[in-house]
Structure formats: structure tokens, C-alpha cells
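Written below as C-alpha cells is the structure these notes are about.
The values are calculated or read from the model by the stated rules, or taken from the named source; none is laboratory data. Fair warning: this is a prediction, and the values are worked out from it, not measured in the lab. Because the Cβ atoms are built from the backbone with ideal geometry, glycine has one as well, and the counts that use them run over all protein chains shown.
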Amino acid sequence: MPRYSHHYARIDVGRGRSAGWSASGVRRRRSAPMNDAVEESGHPRSRREARARRGGSSPEKTTPSGAQPRRGRSRRRRALAPVLIGAAALVVVGGAAAALLYVQASSVRSHLTAAMSSITTVQAAVLSADRPAATAAAAQLSDETAAAVSTTGSPLWALAATLPVIGDDLAAVRSVAEIADQLARDVIEPATSIDLDAFRPVDGRVDLDALSALAPTIDRIAAGVATAADTMSTIDRSQLTDQVATGVTMVDEALSKATPLLAPLRDLARLLPDALGAEGPRDYLLMFQGNSEARSLGGNAAVFLILRADAGRLEITGFADSSDFAQPTPEPVAPLDPEAVAIFGDKIGKYTPDFTMVPDFPSAASIMQGWWAQIGPTDFDGMVSVDPVALSYLLRATGPLMLPTGDALTADNAVPLLLNEVYFRYEDPTMQNAFFAGAASSVFSALTSGAFAPDVLMAALSQAVDERRLLYLSDDEDEAALVSTSPLAGTLPADTANATEIGVFVNDNTGSKKSYYLDMSTTLCRGEGTIEGTTTLTSTLDATTASQLPYYITGPYYAPADISTYVAIYGPTGGTLNEIRVDGVPVQPISAGQHLGRPVVKVEVLHHLDAEHSIQFVFTPPQSSHGALGLVQTPLSRQSPVQITDACAP
């Protein structure tokens, strides 16, 4: 076969000739006679016409069978192929990464859920003194939190945490994992070494060495919880999905449950060794306040016990009641604060029922020392105050107790029995006080014999302290400093740096025991440069009950259906009183002034049978920085709800 040069042939159908094209793509010139044939066959006259025809859609543009494809399009297709392959690879890799991230997230969720369950198990085991169960649950917790931290520390997780939409959730989950792991190390593990039986007396004596050994461990646990809480507060929850926000809330709730339990544990572990006579005998005056005749600190303190603590052993060495004191006295039994006298009168130092009108436990205790000087030495090492509601909380831990009268004293019946029914049963005040003292002694004996559940006791003490039903004053400077910021001290904050506290203090003016029929609730809020509040007092005394009340409950000054109450409202430290109303109507205060560095106003609220009355007040706080808004109030016969909001409703 003859060899040809690099020319391609195209058959000229119309003329039967071939037209040659060079390899360069330049068409060789044709002779002029071919023009007619080209025109007849429809072939383009020129390259411009050929290009024009190729741009159209006529059938003539289609490459005839056997013709070679154009090189330009082939090169473009070959260049596009790697891009498409790369894009497909990215989709595959991205999908795989997303799938892996989903698996990791599911794994972390599983680990953290198991960890939260383990925390609850450890807490229950510690409180029930089951140390083997606590240790096993702590080990499981450590494994779960370590696995969660390891997973959230992967490069993929770190990269995804920087992405929009899901990044906030992933970062929050990692923070929660780290917090849970820190809790496992710094809180849960040391908690397993706590033995609450150290608080339980054996043969009437508490092991003070075992008690002292708890203090460093509890301090470490408290520090760990505080660190975790601080870290939790840095998590921005505004952009979290509901599922992740729920997980964050679970950790918050676990911390919030731990804090109330730790506070009384820490205080007791620090206070009890010395308070129970580790350094020598100590004597205390224990007073019982009766909430049925309301006073600022709780109620009329009519029964007193003298306690002696020595080397961990606690015993009752003396007893007194209000009938042992000669009253009223011509002059106050102790120096009085003129500001307190301006609000409450000098009767706070002339009658034993009135010294607890002063809403400051150290001041009230000082007056009580003056009363005690009438009947014996006053060199007490400290004073303790408790009310029947607090006793009912302690009865949850001891269980029912039999009284000398044959009555069963329980957590459910203690309050109505001691604050109301006793006055129907006994007309003689001496018998009433003896019944009350017998109940207090029974609870005391159960506690000093170790007949209680330690975990329930811790919760009961915590609630009693929070509600200011249990107060403690020590003449030891270190002990006093330790409780100075606790409700246990029975004081109002001296400034607003950490908290802006409002005080609402109730004092019976009927000379009766009808405060038992009063319930109280208070709302507080911040206005535009003000603090506003409403305290509502509700009487539950109906006509039938009023008609059956014994004289000792009704008192000599008011009709059985009426309850007269003085309410003293204490504003913020350094603030001023703007407005005081009763049931929305401006009233003339019974007294007003300054006390404890605060503005004070006292008004009367008079109830006839079952009725409701409200006191509205407005204060201007100081311009200086102030802490969170809070309320200190008189503990009545039942709990008094409080609602506090950051902003008042328009």
C-alpha cells in the first residue's frame, strides 16, 4: 500500500473529487472551476461561512460517520475528569467524617449519661455509709468521663467545634466532659472516703478524731464543686440545641444537689470538734422559739436548756422557762441599741417574750445573757436557737419518738402538736412549757444516742439552717468567723457587696398564739433604680375555729377573730425608703428609722378571720455596686414562699 503524507481526504460528493487538507488544518486552495460545484452541493464558500454553519443547528454540521472528533473538546473533557473525581472524593470523605463525628457524639452522650448516673449512685452510697458501693460507682464514673474526654479531644472533634451551627454544641459538650472528669477526680473520688457514721455518737460520745479527719476531705470536695460550677458558668447556652442544653442542665443539677449537702457537712466538720469539747468542757444555752407567737427571729423564746459538751459527749445540765424570770423589769436587763429601741421599744429588754424581736441573733443573745444573770452565771461559751419546725425536720432522721405523756412525736405532727394543740390540751403555761421541754429532750436524746440516719440528718440540718430555724453564736473568734456569712449566724449582711438583702420580720401584737394561723409570701424585684416588693400575710383562722380557741391562744387584748401583727421591713444597707403601703393605700408607719445600717419601717396589719392583706414597699439602693437580690424573713409555722426577679413587671 502506498504511503501518504499527513494529509486527510474529504470526498467531494458533488464532483467525485477529493479536496486535500494539510496536517496544519489549512485547506489547500481549489481551482476556480470547483466554485459552481461547491455552490450546488451546499458546501461553504469560505472558512467564515463554515464557522457560521458550525455555530448553527443544521444537520450539515453533524460530523459524518468515520470523521475524527475535534481535539479542543477532548482536551477539555480530559481536564474536567480529575476535578469531578476530586469533588466526588471530597463528598465521600466529608460524608465519612460526618458519619464518624455522629458516632463519636453518640458515644460521648452515652458516656456522660452513664457518668451522671454514677454520680447519683456515689452520692446515695456515701450518704447511706455504703463505702464499697461508693468506691465501685466512682471507678465506673472515672472510666466513663475519661472516655468522654478522650473522644472529644480528637482532631475531628476539634475541627468540627470551629464550624458554624454545630460548633457551639460540640465545644459545650467537650466542656461538660472535662467538668465531669474533673468532678470524678476532685470530688467523687475523695467523697468515697467520707464516713458519715463519724457524726453518729457511740455510747453518747462522738469520735472527735474521726470528725476532725473529715474536714480536709470535705474542703477538697467543696473546692472541686466550686471549680466545676465556675467552669459551667462560662458555657454560653444561648446557641445550644435542646439536647445539648439538657445535658448541660443535668450537670448543673448535679452540682446544685451537692452544694446544699456540703455546706452543713463542712460546717459541722469544722465546728463540732471544738464545739463538743475537744479542747475542754464547754457550756451552751439552748433556747426554743415558739413560732405561734411570732418574733423577728422566729418566736417567743420561753424554754431554755443548759448543755455541757466535753470530749465529744453532750448532756443536759439545766432547765429554765420564762416563768423563772422576774418581769417586767424597771430598766432593761442589758444595754440596748438606741436604734433598735426606736423601732421596737425598750420592752425588748424588759420582757423575755420580746428580746427576739431584734432581727440580729448576737444582739438578742446579749439581752438574753442579761436575763440569765437573774438566775445564774452567764459565762456561756455559746448560744443555740431552734424552733419546733426544725425539730420536725430532725424527726425525719430519728423517726417517731415516744413522749413521757404517751404521745408519739413525728415529723408530721410535731408542728401542730407543739405550736397549737398543746394549748388546747393544757391551760397551765407551766404544763405547756414542760410538754415542750419534754419533746425537745426526746429529740436531743435520740440524736446523742446515735439513733438517726446520717444522710437524712444532714439534709434536715441544711434545711433548718437555710430557713434560719437553727442559729448558733460562739464566743470563740475563729468559730464566729467561720459561721459569719452563713444563715446560721442569724445576722443581716453588713453591706451589699455580695448580696442585696431585704428583711421582712413579723412580730405578733395580739399577745396571743394566733401567729400559727398566719402564712406569708413575698415577691421582690428590681425597678428603675429601685427595689420593690410585696409581702402578703394570709390568715387561715375561720369563724368556727375562732369560736373554740382557748384563752391562752386568743390573748387578752383582741377579739378571738382578730390578729394584729407588726411587720418591720428592712431595706438594703445604705438605701432609703421611698414608699410604704398596705393593700395599696399609703399608711402612717408605727415607727421608722435606721437600724443595722438600713432604713426600717414598721406597720400594722390587722386580720379579721380568714383574710389576706399585702404590704407594698419601695426602696432606693445605694449607688455603689451591689450583689444579687435576696430576702431574709421570719421563719413562721410553715414555709413562706419567696419569688425574686431581676426586673419588675411594667
Exercise for the section: Give the residues of region 413-433 that are assigned to a helix (DSSP H, G or I) and surrounded by fewer than 17 Cβ atoms within 10 Å (Cβ to Cβ), sorted by residue number. Expected result: PRO416, GLU421, PHE424, ARG425, PRO429, THR430, MET431
Practice task
Residue by residue through region 585-601, note down the ones that are in contact (Cβ under 8 Å) with a residue 12 or more places away in the chain and either of a type in the set (A, V, I, L, M) or crowded, with 20+ Cβ neighbours inside 10 Å (or both).
Solution key: VAL587, ILE590, ALA592, HIS595, LEU596, ARG598, PRO599, VAL600, VAL601
Fill in the blank from the handout: SER442 vs (1) assigned to a helix (DSSP H, G or I); (2) surrounded by fewer than 20 Cβ atoms within 10 Å (Cβ to Cβ); (3) in contact with a Pro (Cβ under 7 Å, 6 or more places away or on another chain); (4) of a type in the set (Gly, Ala, Ser): all pass except (3)
Problem - Unique residue being closer than 30 Å to LEU549 by Cβ, within 21 Å of the chain's Cα centre (by Cα) and surrounded by fewer than 23 Cβ atoms within 10 Å (Cβ to Cβ) when the list is THR485, THR534, THR522 - result: THR522
Handout entry: Criterion: buried (at least 20 other Cβ atoms within 10 Å of the Cβ) and touching a residue at least 12 places away in the same chain (Cβ under 8 Å) - qualifying residue of VAL605, VAL642, VAL618
Key = VAL605
Fill in the blank from the handout: Checked pairs for region 360-389, first outside the structural domain of SER292 (by TED's automatic domain parsing), second buried (at least 16 other Cβ atoms within 10 Å of the Cβ), C-beta under 8 Å and 6 or more apart or across chains, list as none
Exercise for the section: Being charged (D, E, K, R) and in a helix (DSSP H, G or I) is the filter here, so list the residues in region 342-363 that pass it. Expected result: ASP346, LYS347, ASP354
Practice task
Quick one: count up the residues across region 371-386 that are over 18 Å from ARG282 (Cβ atoms) and either surrounded by fewer than 18 Cβ atoms within 10 Å (Cβ to Cβ) or in contact with a strand residue (DSSP E or B) (Cβ under 6 Å, 6 or more places away or on another chain) (or both).
Solution key: 3
Practice task
Please enumerate the residues belonging to region 364-402 that are assigned to a helix (DSSP H, G or I), small (Gly, Ala, Ser) and closer than 17 Å to ALA459 by Cα.
Solution key: ALA390, SER392, ALA397
Practice task
Would you confirm whether any residue within region 460-483 is within 25 Å of LEU403 (Cβ to Cβ), charged (D, E, K, R) and not assigned by TED's automatic domain parsing to the domain that holds ALA568?
Solution key: yes
Problem - Those residues of region 450-489 which are out of contact with any strand residue (DSSP E or B) (no Cβ under 9 Å at 6 or more places or on another chain), among the polar types (S, T, N, Q) and not in a helix (DSSP H, G or I), in sequence order - result: SER484, THR485
Handout entry: Residue within region 585-593 that is at pLDDT below 95 and more than 20 Å from ALA342 (Cβ to Cβ) present
Key = no
Exercise for the section: Working only within region 604-625, note down all residues that are farther than 11 Å from PRO572 by Cβ and at pLDDT below 95. Expected result: GLN623, SER625
Exercise for the section: Please work out if LEU419 is in contact with a helix residue (DSSP H, G or I) (Cβ under 7 Å, 6 or more places away or on another chain), touching a residue at least 12 places away in the same chain (Cβ under 8 Å) and over 23 Å from PRO550 (Cβ atoms). Expected result: no
Fill in the blank from the handout: Pairing a residue in region 299-318 that is closer than 19 Å to PRO635 by Cα with any residue that is among the basic types (Lys, Arg) and crowded, with 21+ Cβ neighbours inside 10 Å, where Cβ atoms lie under 8 Å and the two sit 6 or more apart in sequence or on different chains, gives ALA301/ARG295
Practice task
Out of LEU609, LEU596, report the one residue that is closer than 19 Å to LEU524 by Cβ, hydrophobic (A, V, I, L, M, F, W, C) and in contact with a Ser or Thr (Cβ under 9 Å, 6 or more places away or on another chain).
Solution key: LEU596
Handout entry: From ASP197, ASP181, residue being part of a helix (DSSP H, G or I), modelled with pLDDT of 75 or more, of a type in the set (D, E, K, R) and under 30 Å from SER445 (Cβ atoms)
Key = ASP197
Completion exercise
Residue pairs within 8 Å by beta carbon, gap of at least six or interchain, first lying in region 551-568 and closer than 23 Å to THR536 by Cα and touching a residue at least 60 places away in the same chain (Cβ under 8 Å), second part of a loop (DSSP other than H, G, I, E, B) and aliphatic (A, V, I, L, M), listed first then second, are TYR566/ILE590
Practice task
Report, by residue number, each residue of region 179-189 that is more than 21 Å from the chain's Cα centre (by Cα) and closer than 15 Å to ASP252 by Cβ.
Solution key: none
Practice task
From the list LEU636, LEU577, LEU629, pick out the single residue that is crowded, with 17+ Cβ neighbours inside 10 Å and more than 26 Å from the chain's Cα centre (by Cα).
Solution key: LEU577
Problem - Sole residue being at pLDDT 80 or above, part of a helix (DSSP H, G or I) and either under 17 Å from the mean Cα position of the chain (by Cα) or within 30 Å of SER486 (Cα to Cα) (or both), chosen from LEU211, LEU255 - result: LEU211
Exercise for the section: Can you give me the number of residues within region 490-529 that are under 30 Å from TYR423 (Cα atoms) and in a strand (DSSP E or B)? Expected result: 10
Practice task
Report yes if some residue within region 324-337 is buried (at least 22 other Cβ atoms within 10 Å of the Cβ), assigned to a loop (DSSP other than H, G, I, E, B) and among the β-branched types (Val, Ile, Thr); otherwise report no.
Solution key: yes
